[in-house]
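Contents: one structure, followed by commentary.
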Amino acid sequence: MMQPLRVALDWTINTNHSPLIVAQQQGWYAQAGLQVQLQHAGQDDYALTPAKKLELGLADIAVCPVESILSFRVKQQPFDMRAIAAIFQTDLSCIVTLASSGLHRPAMLAGQRYASYRARYEDAIVQQMLAADGATAPAHIVYPPKLGIWNTLLSGQAEATWVFDNWEGEQARRQGIDLHRFTLQQYGIPYGYSPVLVASQHSIATQSQVLRQFLAATARGAAFAAAQPEATARLLQPHVPAADADLPFLTASARYCAPHYGQPWGHMQPQRIQPYLQWLHHRGLEPRLFAPEEVATHELLPA
């Protein structure tokens, strides 16, 4: 009998989800005895975050940033969850502005509109980036609908936002749109792994074999995506939104991702996680100083 497993994705399907899509389409989850259901954010217009679906029992695994783990662990009624794998070994995200805007450094975003996803710490991180670059005033934070944030930049409704360079950045390249890119690491913010696969502590304790089987199949998907980006793009094409289903774009995005999966896939090094946790704590963004082992575990990954 197949074991059902619900995975809440953090966005509509894109190349960040390649290891999962590949494993599903290649039949590797089924071979492991798993019936994996991928729930993407477009299905409910992001009414619930992946972490919230996990808390409510609507999903068994969530794709989300590490910040979600901290957020749910410090609630009045804490919900304990931990990262069980990192999708990439590199942070592929960045803050961007249109090159045509002339805003070529974070300090120039003082008083400008920043389109926020309302993610925990996001607004404070952006303001810290501006301050690190010598800004004399904060950015003006605006909150457009989550699934349309990138478009607010293109339509001139905001001057800056946070994107994945392997997706929105690649979309811009394909469209001939020049961007200025500011990575967090450039401005002293030791951002760790994002996105990560997350499970509740209860599931880690009671469903460890199922999670191990899931991660082993997903690791096969990541190895395939790293080695065969063109084939990965073809597997993704039927599942992405129609506006993103251009095969040359998907291929370019898959090629961008290919070097960043790492080997062995999924591992999260404490020495990468700890500086970010310390940074959040020392700047008063997170009152509690978490230890890396509270946030992530390697125990379910393939040897």
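A short reminder: the numbers here are calculations on the coordinates, not readings from a lab. Predicted model only: the values in this text are computed from it and were never measured. Methodologically, a virtual Cβ is constructed for each residue, glycine included, from the backbone with ideal geometry; neighbour enumeration extends over all protein chains shown.
One table, with the values for the structure above:
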| item | result |
| --- | --- |
| Linear extension gain, residue 117 paired with residue 3, 0.36 nm per residue minus alpha-carbon span | 37.7 nm |
| Cβ-based net charge around residue 268, under 13 Å, with every Lys or Arg adding one and every Asp or Glu removing one | -2 |
| Model label zone, residue 124; criterion: amide N under 17 Å from point 7 Å along Cα-to-beta-carbon; scope the stretch 46-82 | 65-76 |
| Estimated distance in nm for a label pair at residue 136 and residue 151, the labels positioned 7 Å out from Cα along Cα-to-Cβ | 3.7 |
| Nonlocal amide H pairs with residue 40, under 5 Å, H built at 1.01 Å | 9 |
| Cβ-derived FRET efficiency at R0 41 Å, residue 173 paired with residue 56, nearest 0.05 | 0.60 |
| Using θ = phi - 60° and Karplus 6.51 cos²θ - 1.76 cosθ + 1.60, couplings along the stretch 165-174 (whole Hz; Gly, Pro as x) | 5, 6, 10, 4, x, 6, 4, 5, 4, 5 |
| For the stretch 70-153: relative contact order, % (alpha-carbon pairs under 8 angstrom, 6 or more apart) | 28 |
| Cα centroid separation - the stretch 181-236 against the stretch 2-29, whole Å | 10 |
